[in-house]
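Below is one structure, written out as structure tokens; the observations come after it.
The values are calculated or read from the model by the stated rules, or taken from the named source; none is laboratory data. Only a predicted model underlies this, so the values are computations on that prediction, with no experimental measurement involved. For neighbour counting, all protein chains shown are included, and Cβ atoms are generated from backbone atoms with ideal geometry for every residue, glycine included. Areas reflect the complete protein model, heavy atoms only, side chains present, ligands, DNA and RNA absent. Shrake-Rupley method; radii C 1.70, N 1.55, O 1.52, S 1.80 Å.
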Amino acid sequence: MPQIWMTYDELGALCGCGAMEARDRAIHLSLDRRRSRDGATRVKLDLALTVKFLTSVREADFDLDCAIEALRDTHRQMAELLAPSGLHNRRGVA
């Protein structure tokens, strides 16, 4: 299982709460906490939080895939509307 470390702000976003509540939750769950070189404290996610994080990533990828497909469909439709009607059937004719 990968190690995922998050700041309190990131953990709060994952859990739907603020940074202070995320800090309290990390303490309550006895999660590993370390101060990084940048000065921010980071929390190592446990198995349940890691699964929640990976699920959110998968959902975001699905939403992105849907958005890309919608853009492709829109592009195709616009290209069909803008193409001169006589050129659709005249491939290779100079």
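Observations
- Pairs with Cβ under 8 Å, 6+ apart, first in the stretch 52-69 and within 16 Å of A13 (Cα to Cα) and in a helix (DSSP H, G or I), second open to solvent by 90 Å² or more (accessible area, probe 1.4 Å) and among the hydroxyl-bearing types (S, T, Y): none
- Each residue in the stretch 1-48 was checked for being part of a helix (DSSP H, G or I) and open to solvent by less than 60 Å² (accessible area, probe 1.4 Å), and 8 of them qualify.
- Verdict on V51 being at pLDDT below 80 and either surrounded by 10 or more Cβ atoms within 10 Å (Cβ to Cβ) or not acidic (D, E) (or both): no
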